[in-house]
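Novice: I am attaching a structure below and will ask some questions about it afterwards.
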Amino acid sequence: MNASPARIVLGLGNPLRGDDGVGLAVAEALSRLLERKPIDGVRVVTSERGGLEVLPLLAGAREALVVDCLEVDTPRPGRVHWLSLDDLGGSPRLEGAHEVSLPDVLAIGRMLGVEMPATVAVLGVEAHPGPDIDDRLSPPLAAAVDRIALHLHAHLSASAADHGTT
């Protein structure tokens, strides 16, 4: 059996709600990049749900990077924000079913004796607001996916080099 990865990239989204699916699209693009240019200890996972559903996806990792859409008052679709757990609010999956937030999921996991990531960062991607039913990202967000995945790959690669792994 494979050892747990040191770092998890968790892409979140709803593929039927337009730009809300950006976390899934970025995770898919990053997975393709990692196939061509692997980084030891990094694994990409996805979820269409939040709350306690993400606990087993994060279990055992030293670090987690969560990618999800971010709705702001005046969005520039594709603009990226690096957020901490303290910055969260407004993501339907980062505060998922039954209002269990990502910080609460991590705390519950630890209380249950599950090894949870010590470091968690959130990459929020600005998206068009709205509950539109659409299985495609808006054109500006679709155009940004590969750029964001390249940015993530570079970040993960630099971080691996800083920790002596590649």
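The values are calculated or read from the model by the stated rules, or taken from the named source; none is laboratory data. Since we're looking at a predicted model, the values are computed, not measured. Every residue, glycine among them, receives a Cβ derived from its backbone with ideal geometry; neighbour counts consider all protein chains shown. Only protein heavy atoms, including side chains, enter the accessible area calculation; ligands, DNA and RNA are left aside. Shrake-Rupley method; radii C 1.70, N 1.55, O 1.52, S 1.80 Å.
Novice: Among the numbered conditions (1) in contact with a strand residue (DSSP E or B) (Cβ under 9 Å, 6 or more places away or on another chain); (2) among the aliphatic types (A, V, I, L, M); (3) modelled with pLDDT under 85, tell me where LEU34 comes up short.
Specialist: (3)
Novice: Go through segment 84-110 and report how many residues are open to solvent by less than 50 Å² (accessible area, probe 1.4 Å) and either at pLDDT 90 or above or within 12 Å of GLU53 (Cα to Cα) (or both).
Specialist: 10
Novice: Still on this structure, I have one more. Could you list, in sequence order, all residues of segment 139-159 that are loosely packed, with under 14 Cβ neighbours inside 10 Å and touching a Gly at 6+ places or on another chain (Cβ under 9 Å)?
Specialist: Passing the criteria: ALA143, ARG147.
Novice: Just give me the residues in segment 111-138 being free of Cβ contacts under 8 Å to residues at least 40 places away in the same chain and either open to solvent by less than 80 Å² (accessible area, probe 1.4 Å) or closer than 16 Å to VAL80 by Cα (or both), in sequence order. Give the steps one after another, and end with the answer.
Specialist: Step one: list which residues in segment 111-138 are free of Cβ contacts under 8 Å to residues at least 40 places away in the same chain, which gives 111-113.
Within segment 111-138, just GLY113 meets the criteria.
Novice: Okay, moving on. Report every pair of residues separated by at least 6 positions or lying on different chains whose Cβ atoms are under 8 Å apart, first residue within segment 147-159 and touching a residue at least 60 places away in the same chain (Cβ under 8 Å) and under 16 Å from GLY23 (Cβ atoms), second of a type in the set (Gly, Ala, Ser) and surrounded by 13 or more Cβ atoms within 10 Å (Cβ to Cβ).
Specialist: Hits for this filter: ARG147/GLY78; ILE148/ALA29; ILE148/GLY78; ALA149/ALA29.
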